[in-house]
Every structure is written in structure tokens, then in C-alpha cells.
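Worksheet: one structure, shown below.
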């Protein structure tokens, strides 16, 4: 058999590799993921949605499964005129993702194998069979025939997502399930799975429980959650295939006739009668205990579920969390569960395209930098002496309320929401419940959208359960803004949440990660692909910490200049209230994740944009000015900026100069040149006598276009846009047909005039 040089990799697969795989027993059933996307690719934010980066999508040529959802090898195909091993590194990278032990590269005539178990590269003549690879893999696993059978129990296919659609397991979920089963079969008694918020941990927990029960129908499994709502959601959602007759929520009298049990731990929602109820069960009753959000105090002496785990110590404990606590103290997740058997980070989830990327905006208030300095013997609004010489950011809304600061924060929040979309779901994190109440009132009064537009969701709020359910419901418009302190920091599934607003002092990396996780879910049906973080307390400095997305830990963060050393400390009594002085925003910084850095790194949007302008300009091999006056090249340039995560909306917000031309903002960021306003460019154009060569009516039309540009921006000067001349200011000329064919001598002359205007407008 021969192939021409024009034959593609697809033809190599079809004509050469497929027959070889068939001959080795790899039927279509065992290579069903052939050329399927295993990760859709990082989302690039756009003003009205998002698009996938093709460069980051993951599409192996073949994923070979020993049995369903048991990845064992990856094969990459290359054209015949390439070396057989040219695709080996790519195959290795995919195999690492899938936790497969073998990687292959082939041009159809030669095959190169990498064996992860032996750490060895070999040139071979034919693909190994399924049983050959399993036997080689089993030298590592050391499974008996029965253990192999238990390990290969298929996943349940009946679990649905919150929208009622069948759950299709993602590769990392399969990895987590298989590795957990492997360790359990190998008699490991304590396991930890660490996966970012929004990655489907409850679904993973269900599939593990399902396989354990199928392996041993007499097994008893306990699922511990930290909130009643989470336990209920698990029973009614992911665990539903067990059936009501096999599930039981532990409350009241002990029930020993079921398979799956659900209970609560370490939560304000725990009922008193449940606290000691577990002692009604024999200590060896449960075979497996799955602990959801297991970072919440496994070793803490106050932890209700520490006692539960100690009581059922003979059971296998499986911990699941996005944020393991690593303090080298009693409150150490690893101390109980050990190091994770599988980890899937937020960074990886964003890069794969399963989690939403984000843009960070820091608002810097003068009072937070300068502090609040009372006069000698000054009293607050209630007659209490202000005892400190100066109050700083950490003090505000903890031990002293400065009303003017609260009012300015509320004003900036509403300005931000008006920019981003007034009805985009938003969570505002405050210092405490009292602070949350004040912010709820202020934001609600500014919004003027009715009493349910902005609500407080804290334990102090009588209707917080109803408000929370409505906020999470994608079909409910209200509430739009949820103001909270701690209640919504963990375990809350709000897929449409577009904005996370921080006016809360944070010193805990665990709590910070949990809060950020409230925005990471993607909701394509609701056009939610990315989210914003608006930060008033410099909490997002934690992004710069090495522990942000690396080995989980919780180091103390030193106070920044102008801050007190206290963290989330209880307020002194009495709580002080002052009207305060005028509060101003003295700085605004927008930051974006830098995908080129190779690690979790953030650049200011100014720096990032300037760098990208230079890079893209080089790609075009033209000067920025030349690109900008050509509407086709301009649009390509804008598209390329957006591909790298820089939208025109963000650029305009960046400088907070509504009168500046986008071109001038970009030129300023890239080259440091002074910014001109659109009005300045119009005045300069008129001084150059550009209009004088046109008849009166044509000159008048061009003047109107210039005024529209001065008011609204460059989009109004576009010879290719048929809608510009349909705007109301042009009605007096008789509409677009009259303008083009009577005032100008046809479409070509009109376009020439606009292009000439662009050349003059953007001259130095």
C-alpha cells in the first residue's frame, strides 16, 4: 500500500493505523474516543459571551480504553512523510492528562511506544493487544481477578445534571473515580480528592459510591455534607439512581435497612437531635464515609464531624474539597486524609475550558490608603469616643462604620453593574451581617428596581433560604444582587453568577478560593462564559501567592501599608459609627490571567494590552496607525485582541476616559504617547481644511459623521457599515440612498470620502 505526499493524517489513520488497531483487537468499542474533544479549550471573554481558543482544545487521535471509561493508552498519528515518533511527545502529554500508562506515535509504517510504568521508549512493529497492555499495567496494580472485576465496574449512565440532561463524564472525573477505586481496592483507608469548585465533585462522589455498592451490595455508605441544602441536592440530584428505597437521611430514629445514608456536619443548620444520633449506629456499621467539603475542620476539636469520623474509624474515609486546609496544625486536611490521590486545579479547569475565566478590577479608595484620622476626643454619631489615633481598611465595618465609605462603595458597585449589565447575577461579600444589611439598603436605593433586586443572604435574614434558592434558580430574574458575609462562600451552586464583589477582609487562602469558586461555573444556555471580580479590599493580592493554585497551604499574609494587623476579628463594643469625610476613588486597576506565563500569573490589563498591541502589530507587519485607518485590518486587529482576552469594552473602562479614542488608549498603553480626545481629533481635522473640497451638502453629511464619532467613537466612521446612514441625524438628508447617490456620486465616492476622513483624522 502506498500513499502520496498529499495524503493527510486522516488518511493515514483511515488507511494504515485503523487496520493495525483492528488486527490487535482494538475494535471501535475500545477506541470510541477517536478524534473526540476531551477538553474544549480556554474561553476568551467577549462583551456578550465568549469564544473558545482553538489553540487550547485537546483532541487526541485515539484514546484506547481497556473497558468503558478505563483509559489505558493514547495514539497520535502522523503523515507518512514524517518520522514515526514525531507525535510521541503530544501522545505523552495527552496520556498524562488521562492518567493512561502507554503512549504511541505512528506514521502508519512505524510505531514508537512510551511506557510510563517502565519509563522506556521502544520502537515496535505492531500495537499490543488489550490484554497485553492490561497485564503490563497490572504489574503495577497487582489486582486479583476479583479486584479487576470490581475496578472495571462501569459507571452509572442515569445521573442527570441540574438541567435534567444526562451527565457525560469528563476526563478528569473519570480519572478521579478510577484512582479512588484503585486505592480503595488496594486497601487504602484514607483518601483525598481535590478538585476545583464547579468541576462536579458530587457526581464523582456518586459514581464512586455506585461502583462500591455494585462491588459489594451489602456495603453501607455515609455521605457527610455541611449544609442541609447540599445533602438534599445530592439525594435529589446526582445520587437519584440509587432510588428512594436505598437512600436515607439520618434524622430522628436510626434506620439500618438502607444502602446510602446522608447526614450533616459542622454547620449552623445542624439540628440538635442529629448531633449524637450517629451513636445509635454500631461503630462498624458503615463501610465507607464520603466527606464533602472536607476542609471544614477535620481535626478541629470543635468539629462535629471529627467525632463522627473517629466513631466510624474502621470505615474507609474519602474526603472531597476544592480547598484543602494546610496549616501544619490540628486543622490540617492532609493530616487525616493524606495527600490527594488526584488533583484538578482551577487553572487547569480554565485552560481546558470547563471553568470560566475571570477579569479582576481593583478599586482603590483614598480613605483605605490614608486611613480615617479622628480629631482629639472626637465622638461617633452615638456619642462613643473614637479611641484609636487612626482607623484603616481592616477596621472599616468591623470596629467602625464610616458611612461615606459605604456610600462610595455602593456607588462604585452600581456604576460597575451598569457597565457590565445591570441584571447580571452578582454576589457582594461583606465583613459581617450588619455590614451586609447596610450595603443591601444602599445598593437597593441606587438601583431602584424593586425590593427583591438586592437582598441580604445571611443567617440573620429570616427569608435567606428562599432568597438563596431564587438566586440559584437560572429561571428567576430576582434577586439580582445577593449581599452576604460567609453563608455563600462555599457549597453554593450559582451557574449564572457573573460578578463577585469583595468588600471583605480576607486572610484565609481557603476562604478566598471558595469565594472565587462561586463564579467559575459556565452556563452556556444563559450565555455566561466568564466572570468579573471587583475588589475593594485588595483580597486579590492572593492571586500572586505561590499557594494560590499550587500546593494547598494557608500561610499568614503580612498586612500591607496602611492596614491594621487584625484579620476577621470580632468587633469591639460598642461598634462605632461616623459619617466621615468625602471618600474618593483614587485608582482603578484591571487585571487579567496571563496564559503565556506558564503558571498562574496576573498582569495589569494596561501592561497586558500594551504587550499584545506590539505583538499583534508585528504580526500584521504594519504600523498601528495604518492598521486602524483600514476598517478591515482594524477589525482583524480587534478580533485578535479579543482572542487574547482584551475586549473593546475593557479597553474603554480601563482608562475611565469616555472621551478618548480607543486608538489613542491603545497607542498610549503600547508606546506611552499622550492620549487625545475624539473632540481634539475632530478639531484638528477641521483645521486641515479637509471639508472644504466637498460641496455644501456633502460637507454637512461629513460634519454629522464627525459629531457622531466625537460622541460615540470610531464605529461611526465606517464606510462598510450600511447602518450608519440610517441613523436619525441623517433623516434630514433623505436617507442613505439619497446621500450616497445624490449628495455623493455613488457608493464608491462616498466610501472614498470616509476613507480620506480616516486618513486625516488619525494623522499625528
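Is it true that some residue in the stretch 515-535 is out of contact with any strand residue (DSSP E or B) (no Cβ under 8 Å at 6 or more places or on another chain) and either surrounded by 22 or more Cβ atoms within 10 Å (Cβ to Cβ) or outside the structural domain of residue 440 (by TED's automatic domain parsing) (or both)? The answer is yes; a qualifying residue exists.
Of all the numbered requirements in (1) surrounded by 13 or more Cβ atoms within 10 Å (Cβ to Cβ); (2) touching a helix residue (DSSP H, G or I) at 6+ places or on another chain (Cβ under 6 Å); (3) touching a residue at least 24 places away in the same chain (Cβ under 8 Å), residue 694 misses one, and that requirement is (2).
Of the conditions (1) modelled with pLDDT under 85; (2) part of a helix (DSSP H, G or I); (3) in contact with a helix residue (DSSP H, G or I) (Cβ under 8 Å, 6 or more places away or on another chain), residue 715 clears all except one; give me its number. (3) is the only condition that residue 715 fails. Inside the stretch 96-141, residues that are part of a loop (DSSP other than H, G, I, E, B), over 26 Å from residue 80 (Cβ atoms) and touching a residue at least 12 places away in the same chain (Cβ under 8 Å) make up a count of 4.
Does the stretch 489-509 contain at least one residue that is surrounded by 23 or more Cβ atoms within 10 Å (Cβ to Cβ) and part of a helix (DSSP H, G or I)? No, the stretch 489-509 has no match at all.
Taken together, 708, 702 contain a single residue that is outside the structural domain of residue 623 (by TED's automatic domain parsing), over 18 Å from residue 627 (Cβ atoms), more than 41 Å from the chain's Cα centre (by Cα) and in a helix (DSSP H, G or I), which is 702. Each residue in the stretch 462-479 was checked for being free of Cβ contacts under 8 Å to residues at least 60 places away in the same chain, under 18 Å from residue 517 (Cα atoms) and buried (at least 18 other Cβ atoms within 10 Å of the Cβ), and 2 pass. Determine whether the stretch 646-655 contains at least one residue that is part of a helix (DSSP H, G or I), at pLDDT 75 or above, out of contact with any strand residue (DSSP E or B) (no Cβ under 8 Å at 6 or more places or on another chain) and not assigned by TED's automatic domain parsing to the domain that holds residue 530. The answer is no, given that none of the residues of the stretch 646-655 is part of a helix (DSSP H, G or I), at pLDDT 75 or above, out of contact with any strand residue (DSSP E or B) (no Cβ under 8 Å at 6 or more places or on another chain) and not assigned by TED's automatic domain parsing to the domain that holds residue 530.
In the stretch 147-170, the condition of being at pLDDT 95 or above, out of contact with any helix residue (DSSP H, G or I) (no Cβ under 6 Å at 6 or more places or on another chain) and assigned to a helix (DSSP H, G or I) is met by at least one residue. Evaluated against (1) over 25 Å from residue 613 (Cβ atoms); (2) at pLDDT below 90; (3) in contact with a helix residue (DSSP H, G or I) (Cβ under 7 Å, 6 or more places away or on another chain), residue 701 falls short on exactly one condition, (2). Restricting attention to the stretch 401-411, the residues that are surrounded by 20 or more Cβ atoms within 10 Å (Cβ to Cβ) and more than 12 Å from residue 428 (Cα to Cα) add up to 5. Could you go through the stretch 8-27 and let me know if any residue there is closer than 28 Å to residue 529 by Cα, in the same structural domain as residue 126 (by TED's automatic domain parsing) and out of contact with any helix residue (DSSP H, G or I) (no Cβ under 8 Å at 6 or more places or on another chain). No: the stretch 8-27 contains no residue that is closer than 28 Å to residue 529 by Cα, in the same structural domain as residue 126 (by TED's automatic domain parsing) and out of contact with any helix residue (DSSP H, G or I) (no Cβ under 8 Å at 6 or more places or on another chain).
When residue 450 is tested against the conditions (1) at pLDDT below 90; (2) assigned to a loop (DSSP other than H, G, I, E, B), the lone failure is (1). Within this structure, residue 58 passes the test of being buried (at least 18 other Cβ atoms within 10 Å of the Cβ) and closer than 29 Å to residue 152 by Cβ.
Within the stretch 338-351, the only residue that satisfies the criterion of being assigned to a helix (DSSP H, G or I) and closer than 18 Å to residue 178 by Cβ is 348. Within the stretch 52-84, being part of a strand (DSSP E or B) and touching a helix residue (DSSP H, G or I) at 6+ places or on another chain (Cβ under 8 Å) holds for 58, 62, 63, 64, 65, 71, 72, 73, 74, 75, 76, 77.
Only one entry of 332, 395 meets the criterion of being surrounded by 21 or more Cβ atoms within 10 Å (Cβ to Cβ) and out of contact with any strand residue (DSSP E or B) (no Cβ under 7 Å at 6 or more places or on another chain), and that entry is 395. Scanning the stretch 746-764 for residues that are at pLDDT 90 or above and part of a loop (DSSP other than H, G, I, E, B) yields a single hit, 746.
The values are calculated or read from the model by the stated rules, or taken from the named source; none is laboratory data. Just so it is clear, the structure is predicted and the values come from calculations on it, not from any experiment. All Cβ positions, glycine included, derive from the backbone under ideal geometry; neighbour counts span all protein chains shown.
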